[in-house]
Amino acid sequence: MADPPGCCSTCATCLLCPYSCQWITAKKEKRKGLRTTKYDCSWFLFLFCVFLFTLVWLYFAIIILNDFHNFNEFIFRQRKLWLDWSLVLLIATAVLISYSSVLLVLALFLQLCGQPLKLHWVHKILLILTALVVAAAFTGLGIKWAEEWKSARISLQATGPFLHIGAVGGMTLLAWPLASFIYRTHRTGLRVFVLLVFCAAMIALYLAPLGITSPCLMEENQLPPKPALVGHRGAPMLAPENTLMSLHKAVECDVQVFETDVMVSADGVPFLMHDEELTRTTNVQAVFPERAALNSTAFNWTDLQQLDAGSWFLERRPFPTVQNLSPGDRKEAAEQRIPSLEQVLEAAKESNISIMFDLRPENHSDYQNFVNVTLGVILQSGIPLQQVLWLPDGFREDVKQQAPGVQHIYGRKRLENEEPGLHINLPYQDMSSEEIRQYRQDNISVNLYVVNQPWLFSVLWCSGVSSVTTNACQVLKEMKHPIWLLPSSTYFMIWIVVDCVSFLIIIWAFVLMKKCSHRRRPAESETDVLLTKINSLMQE
């Protein structure tokens, strides 16, 4: 399918050894018969597809890092094993993408130099395994974590313009080995087919910005105010979650609302705890080993006060930021205990910070009593009721009657003809940029959770969201501006320039490769004539 190799022996060895596991010398008889067959081309196409497949998975892996702490918690609840699985994910993905990238680069250089694409059988097996691993990862994502597909859709609003530029650049570089292949192959049909596929792909890429939309394509003066920050269980990257230290760290991050979860002890004391069991965030297994698997509400307040709610944070390091804590913060974290709602309300009142909470577990048989006990503590605390944001849906009408000043937050979208001034709290995947803008126009406050990555915060900021719940308040606090903001006219100019430069480079690549092929052919013809004469003389 291709002309005989034209590279020097050293280059051939350097390229073919890792790709084909063959040592090539300068002697022609060693190279005789080594040509790229249809079978070899099929494996190259498979390599290219595996590379793209792995590249897409790398993109997904980076996107889901925003929500990966939830996955770590899920694994702990299932297996009682704590590990930052995001590191495992990134390392495995980096290995797969590096392997397929190196093979693809080798193959492209081999084609550019006119060397045969003889992929070794070990590489073939590893490529098949790579494809199966990535396919299994996507399947697992779709089954267990389907909402991340929505996260990917949102991420395209942040990365779409840059992905377009990167894709155009990558395909433009691909034009060089492609032109080399087209001018080397002797099959006209294959030549035309490859060229048509490449042209179709480039036209699609050149026109892709027609379908790219992003809320951050706007003028500077159209940018909405920065969303307020809601501390998810406080500041869990800086202190043990749902503790007084976490609340104070959240205040230092300029958080306006402390979001938490409330449960009621067996003797009627509301306290802060997210999980139904105490095993993840306390040392209950050491203090009460025979009761460790019980629901948090099965313990009385005296028992709960004996538990250490801070040391786990230093030992398990749920976030990488833990290792950067000062000695003073480490000491304070180790001394944390489970706080009561009364203590938290007092701290919130002193810090002038609002508190938003869920009351768990919602399916408890004594849930109405939980609501009444919690309301009683709120009313007795003396905190201004407008600083209390009520999330639970159960017995909401009773709450409105007993504490009319409490602000009610709804975990749903608005209903038809619903009154303005509504406050809603939803996962960030559940609202589009268009819905956020419409709600803002209708004076409906929107809080979205959980937003940790700057790219996601930037998209929601440009969309006009009122506030976001975050684990990374210390990161989002420092953001004075979205990561990027472009007027539509500027992006249009970038689009046209990139496409024009790409088109000119591709034309140049084909012209240059055509000249090289014309120079090579006369030299090869002269060599063939000389070899024929030498062979005739030897036979005489």
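Run LEU415 past the list (1) aliphatic (A, V, I, L, M); (2) under 26 Å from ASN66 (Cβ atoms); (3) surrounded by fewer than 13 Cβ atoms within 10 Å (Cβ to Cβ) and report the number of the one that doesn't hold.
Looking at each condition in turn, LEU415 falls short on (2).
Identify, please: which residue in segment 141-155 is of a type in the set (A, V, I, L, M, F, W, C) and free of Cβ contacts under 8 Å to residues at least 60 places away in the same chain and is, among those, farthest from ASP67 (Cα to Cα)?
If we take residues in segment 141-155 being of a type in the set (A, V, I, L, M, F, W, C) and free of Cβ contacts under 8 Å to residues at least 60 places away in the same chain, then ILE143 is farthest from ASP67 (Cα to Cα).
Specify the residue that is most open to solvent (accessible area, probe 1.4 Å); the eligible residues are those in segment 211-225 that are out of contact with any helix residue (DSSP H, G or I) (no Cβ under 6 Å at 6 or more places or on another chain) and of a type outside the set (Asp, Glu).
ASN221
Test of understanding: among ILE383, ILE355, ILE378, which residue is open to solvent by less than 20 Å² (accessible area, probe 1.4 Å) and either within 38 Å of the chain's Cα centre (by Cα) or more than 21 Å from GLY234 (Cβ to Cβ) (or both)?
ILE355
Here is a yes/no grid of residues against (1) modelled with pLDDT of 95 or more; (2) under 23 Å from TRP508 (Cα atoms); (3) of a type outside the set (A, V, I, L, M):
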position	(1), (2), (3)
TRP145	no, no, yes
GLU148	no, no, yes
SER180	no, yes, yes
VAL192	no, yes, no
ALA200	yes, yes, no
GLU220	no, no, yes
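Being without any contact (Cβ under 8 Å) to a residue 60 or more places away in the chain and either basic (Lys, Arg) or open to solvent by less than 70 Å² (accessible area, probe 1.4 Å) (or both): is that true of ALA228 here?
Details: without any contact (Cβ under 8 Å) to a residue 60 or more places away in the chain: no; either basic (Lys, Arg) or open to solvent by less than 70 Å² (accessible area, probe 1.4 Å) (or both): yes.
Considered against the rule, which asks whether it is without any contact (Cβ under 8 Å) to a residue 60 or more places away in the chain and either basic (Lys, Arg) or open to solvent by less than 70 Å² (accessible area, probe 1.4 Å) (or both), ALA228 comes out as no.
Just to be sure, is ALA107 in the same structural domain as LYS515 (by the TED database) and open to solvent by 40 Å² or more (accessible area, probe 1.4 Å)?
It is false that ALA107 is in the same structural domain as LYS515 (by the TED database) and open to solvent by 40 Å² or more (accessible area, probe 1.4 Å).
Please go through (1) aliphatic (A, V, I, L, M); (2) at pLDDT below 95; (3) buried (at least 17 other Cβ atoms within 10 Å of the Cβ) for LEU530 and return the number of the only condition it doesn't satisfy.
Exception for LEU530: condition (3).
Output the residue which, of all residues in segment 50-79 that are over 15 Å from the mean Cα position of the chain (by Cα) and closer than 30 Å to HIS123 by Cβ, is least open to solvent (accessible area, probe 1.4 Å).
VAL50
Is one or more of the residues making up segment 302-321 closer than 30 Å to GLN368 by Cα and of a type in the set (Lys, Arg)?
No: segment 302-321 contains no residue that is closer than 30 Å to GLN368 by Cα and of a type in the set (Lys, Arg).
Give the residues of segment 321-366 that are acidic (Asp, Glu), assigned to a helix (DSSP H, G or I) and touching a strand residue (DSSP E or B) at 6+ places or on another chain (Cβ under 8 Å), sorted by residue number.
GLU342
Name the residues in segment 473-493 that are touching a strand residue (DSSP E or B) at 6+ places or on another chain (Cβ under 9 Å) and either surrounded by 15 or more Cβ atoms within 10 Å (Cβ to Cβ) or among the charged types (D, E, K, R) (or both), would you?
Those that are touching a strand residue (DSSP E or B) at 6+ places or on another chain (Cβ under 9 Å) and either surrounded by 15 or more Cβ atoms within 10 Å (Cβ to Cβ) or among the charged types (D, E, K, R) (or both): CYS473, LEU476, LYS477, LEU485, LEU486, TYR491.
Which ones in segment 247-282 are open to solvent by 50 Å² or more (accessible area, probe 1.4 Å), under 33 Å from the mean Cα position of the chain (by Cα) and over 24 Å from VAL230 (Cα atoms)?
GLU277
Identify the residue in segment 427-472 that is among the small types (Gly, Ala, Ser) and either within 18 Å of GLN407 (Cβ to Cβ) or assigned by the TED database to the domain that holds HIS69 (or both) and, among all such residues, is surrounded by the fewest Cβ atoms within 10 Å (Cβ to Cβ).
Here is the first cut: in segment 427-472, the residues among the small types (Gly, Ala, Ser) are 432-433, 445, 458, 463-464, 466-467, 472.
Narrowing the set further to residues that are either within 18 Å of GLN407 (Cβ to Cβ) or assigned by the TED database to the domain that holds HIS69 (or both) leaves 445, 466-467.
Numbers: SER445: 17, SER466: 20, SER467: 23.
Within segment 427-472, the match that is surrounded by the fewest Cβ atoms within 10 Å (Cβ to Cβ) is SER445.
Report every pair of residues separated by at least 6 positions or lying on different chains whose Cβ atoms are under 6 Å apart, first residue within segment 475-498 and touching a residue at least 12 places away in the same chain (Cβ under 8 Å), second open to solvent by 50 Å² or more (accessible area, probe 1.4 Å) and not acidic (Asp, Glu).
Close Cβ pairs satisfying both conditions: VAL498/ILE165.
Go through segment 302-338 residue by residue and tally those that are under 30 Å from ASP366 (Cβ atoms) and open to solvent by less than 40 Å² (accessible area, probe 1.4 Å).
The total comes to 9.
Might you let me know whether segment 235-258 holds any residue that is among the basic types (Lys, Arg), more than 18 Å from PHE457 (Cα to Cα), assigned to a helix (DSSP H, G or I) and in contact (Cβ under 8 Å) with a residue 12 or more places away in the chain?
The initial filter retains those residues of segment 235-258 that are among the basic types (Lys, Arg), namely 249.
Still in the list and also more than 18 Å from PHE457 (Cα to Cα): 249.
Imposing the further condition that a residue be assigned to a helix (DSSP H, G or I) reduces the set to 249.
When the remaining residues are screened for being in contact (Cβ under 8 Å) with a residue 12 or more places away in the chain, the result is 249.
Yes, segment 235-258 has at least one match.
Filter segment 80-95 down to the residues that are closer than 20 Å to LEU314 by Cα and assigned to a helix (DSSP H, G or I), then identify the one that is most open to solvent (accessible area, probe 1.4 Å).
The qualifying residue most open to solvent (accessible area, probe 1.4 Å) is LEU87.
So which residues in segment 184-210 are open to solvent by less than 60 Å² (accessible area, probe 1.4 Å) and outside any helix (DSSP H, G or I), if there are any at all?
Listed by number, the list holds a single entry, THR185.
The values are calculated or read from the model by the stated rules, or taken from the named source; none is laboratory data. Not measured: the values here are computed from a predicted model. Neighbour counts run over all protein chains shown; Cβ positions are idealised from the backbone, glycine included. Surface accessibility is based on the protein's heavy atoms, side chains included, excluding ligands, DNA and RNA. Shrake-Rupley method; radii C 1.70, N 1.55, O 1.52, S 1.80 Å.
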